[in-house]
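A.B. asks: Input: one structure, supplied below.
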Amino acid sequence: MGDLDNVGGLVLFAIGRTPVTLGGVLTGLLLITAGFVAARLAGAGLRRIRGRVHSGAAALYIVEKLVSYGLVIVFFIAGLSTVGLNLSSLAVFAGALGVGVGLGLQGLVKEFVSGLALIFDRVLNVGDYVELEDGKRGLVQEIGPRAVRIRTNDNIDIVVPNSKFIDGPVINWTLHNETRRIHIPFSVAYGSNREQVRDVVLAAAQSVPFTSPDTESRKSQVWLVGFGDSALNFELLVWPTLDAVKRPAAMHAAYTWAIADALECAGIEVPFPQMDVRLRSLFGQEGRQALSALKLDYEPEPERPTAAPNPTGKNDAAEDLERPLPPLDAPVSDTPPPLH
C-alpha cells in the first residue's frame with residue numbers, strides 16, 4: 001500500500017503553486033471518461049422515450065441534448081479540478097483555450113454554437129424533411145454538436161455542418177409538422193373537353209388514399225397553365241398527407257399513374273409530338289395529284305384496335321406510400337426497404 005501511495009502521490013509537474021500528481025491525473029481522466037459514458041447512457045434513455053411519444057418529441061430532443069452536454073461539462077470540470085487545475089483563477093484556462101482556438105478550434109466552436117442555435121431556434125427539428133441548396137433532400141435524423149445528419153429516402157446519410165443551416169438558405173418542407181401543396185403536370189390533346197379533364201383528374205386525386213380531404217383553404221384543383229405545340233398543359237394541385245410529403249418521388253409517381261389511368265378510362269387522348277405538312281401546289285398540281293407526281297401517294301393504313309383501358313392497374317408508388325415511415329435512427333437490420 002505504501003508503494004501504491006507513493007506512486008499515486010508522484011508529482012509530475014506543477015501549475016503555478018499547485019502540484020499535479022499521477023493519482024490526480026488518473027482520477028481526473030476517470031471522471032472525464034465517466035462523464036462521457038453517463039452522457040451517452042442518459043442520451044440513449046431519453047432517445048428511447050422520445051421514440052415512444054409523438055407530442056413533445058422536439059422538446060424532449062432539447063432536454064436530451066442539454067442533459068448530454070451538461071453531464072460532459074460537469075464531469076470535465078470536476079476532472080480538471082481533481083488534476084489540480086484551479087478553475088477559480090481562469091487566467092491559465094482562458095489562455096490555453098485562446099491558444100487552442102487560435103490554432104484551429106475556430107471551426108469546432110463555430111459548429112457547436114451553430115448546433116445550439118438550431119436546437120433552440122426550432123426552425124429545424126428531428127423528423128423534418130428538408131431540401132439543401134444542391135437539391136439533396138431527406139429526413140433530419142440528428143442535430144449533433146458538429147453536424148446535422150440527414151437520411152435520404154434511398155437510405156443514404158448526408159452529414160452537413162451545422163453552420164450551413166445558419167449561413168445559407170435551407171427549405172424545410174414540413175416545418176411544425178405542416179403539409180404542403182404539390183404540383184403534378186400533365187397534358188391532353190387539343191380538342192379535349194376541359195371540364196371533363198378537370199372532373200376526371202380531381203376524381204382520380206381524391207381516390208388516392210394519401211390525399212388530404214378538401215377544406216376551405218386547402219382544395220385540390222386543376223389548372224390550365226399553357227398551350228404546348230401539340231397539347232394543352234395542365235397541373236393538378238393537391239394537398240397530400242404529411243407522410244406522403246416526405247416521399248416526394250413516390251408521391252409524384254403515384255399521382256401521375258392515377259392521372260394516366262383516369263384519362264385512359266375516360267377516353268381522353270394523351271398527346272404526342274406531331275407535325276402536319278400541307279402541300280398546296282407542285283409543278284402546277286395540287287393535293288394527291290402532286291403526291292402522285294412525286295410517287296409519294298399511298299393508301300392510309302387501317303386503324304388498329306386499341307386495347308381496353310385497365311383501371312385496375314397496379315400502382316407501385318401508391319403501395320409504397322401506404323407503408324409506414326421507418327423510425328428515426330432505426331438499426332440497419334430493422335429498416336424497411338428504401339422509400340422514394
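The values are calculated or read from the model by the stated rules, or taken from the named source; none is laboratory data. Computed from a predicted structure; not experimentally measured. Reconstructed Cβ throughout: ideal geometry from the backbone, glycine too, with neighbour counts over all protein chains shown.
A.B. asks: Being modelled with pLDDT of 90 or more, surrounded by 17 or more Cβ atoms within 10 Å (Cβ to Cβ) and out of contact with any strand residue (DSSP E or B) (no Cβ under 6 Å at 6 or more places or on another chain) is true for just one of Val208, Val188. Which residue is that? Explain how you work it out, then say what you get.
C.D. replies: Values: Val188 fails: out of contact with any strand residue (DSSP E or B) (no Cβ under 6 Å at 6 or more places or on another chain).
Unique residue meeting the criteria: Val208.
A.B. asks: Kindly list the number of the only condition in (1) exposed (fewer than 15 other Cβ atoms within 10 Å of the Cβ); (2) in the same structural domain as Ile268 (by TED's automatic domain parsing) that fails for Arg198.
C.D. replies: It is condition (1) that Arg198 fails.
A.B. asks: Could you please let me know if Phe227 is crowded, with 19+ Cβ neighbours inside 10 Å and either of a type in the set (A, V, I, L, M) or in the same structural domain as Leu263 (by TED's automatic domain parsing) (or both)? First the steps, then the outcome.
C.D. replies: On the way: crowded, with 19+ Cβ neighbours inside 10 Å: no; either of a type in the set (A, V, I, L, M) or in the same structural domain as Leu263 (by TED's automatic domain parsing) (or both): yes.
Answer is no for this residue.
A.B. asks: Among residues belonging to the range 177-209 that are part of a loop (DSSP other than H, G, I, E, B) and among the hydrophobic types (A, V, I, L, M, F, W, C), point out the one that is nearest to Leu242 (Cα to Cα). Break it down into steps so the answer makes sense when it comes.
C.D. replies: Pass one, the range 177-209, residues part of a loop (DSSP other than H, G, I, E, B): 178-181, 189-193, 208-209.
From the residues that got through so far, the ones that are among the hydrophobic types (A, V, I, L, M, F, W, C) too are 189, 208.
Numbers: Ala189: 33, Val208: 14 Å.
The selected residue is Val208.
A.B. asks: Any chance you could count how many residues in the range 163-203 are of a type in the set (A, V, I, L, M, F, W, C) and under 27 Å from the mean Cα position of the chain (by Cα)? Write out each step before concluding.
C.D. replies: The first filter runs over the range 163-203 and keeps only residues of a type in the set (A, V, I, L, M, F, W, C), leaving 165-166, 170-171, 173, 175, 182, 184, 186, 188-189, 197, 200-203.
From the residues that got through so far, the ones that are under 27 Å from the mean Cα position of the chain (by Cα) too are 165-166, 170-171, 173, 175, 182, 184, 186.
Counting residues in the range 163-203 that are of a type in the set (A, V, I, L, M, F, W, C) and under 27 Å from the mean Cα position of the chain (by Cα) gives 9.
A.B. asks: So, in the range 195-217, how many residues would count as being farther than 17 Å from Ile182 by Cβ and without any contact (Cβ under 8 Å) to a residue 24 or more places away in the chain?
C.D. replies: Let us first name the residues in the range 195-217 that are farther than 17 Å from Ile182 by Cβ, namely 195-200, 203, 216.
Filter once more, so that each one left must be without any contact (Cβ under 8 Å) to a residue 24 or more places away in the chain: 195, 199, 216.
Final tally of qualifying residues: 3.
A quick yes/no check of all residues on (1) closer than 30 Å to Asn125 by Cβ; (2) out of contact with any helix residue (DSSP H, G or I) (no Cβ under 8 Å at 6 or more places or on another chain); (3) exposed (fewer than 14 other Cβ atoms within 10 Å of the Cβ):
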{"position": "Asn172", "(1), (2), (3)": "yes, yes, no"}
{"position": "Thr179", "(1), (2), (3)": "yes, no, no"}
{"position": "Ser192", "(1), (2), (3)": "no, yes, no"}
{"position": "Ser217", "(1), (2), (3)": "yes, yes, yes"}
{"position": "Trp223", "(1), (2), (3)": "no, yes, yes"}
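A.B. asks: Something else now. Out of the range 154-176, which residues are assigned to a loop (DSSP other than H, G, I, E, B) and touching a strand residue (DSSP E or B) at 6+ places or on another chain (Cβ under 7 Å)? Step through it out loud before you land on a result.
C.D. replies: Initial filter on the range 154-176 (assigned to a loop (DSSP other than H, G, I, E, B)): 154-156, 168-170, 173-174.
Within the range 154-176, Val170, Trp173, Thr174 qualify.
Yes or no, residue by residue, for (1) small (Gly, Ala, Ser); (2) assigned to a loop (DSSP other than H, G, I, E, B); (3) modelled with pLDDT under 80; (4) surrounded by 12 or more Cβ atoms within 10 Å (Cβ to Cβ):
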site	(1), (2), (3), (4)
Ala94	yes, no, yes, no
Val101	no, no, yes, yes
Leu124	no, yes, no, yes
Glu142	no, no, no, yes
Ile150	no, no, no, yes
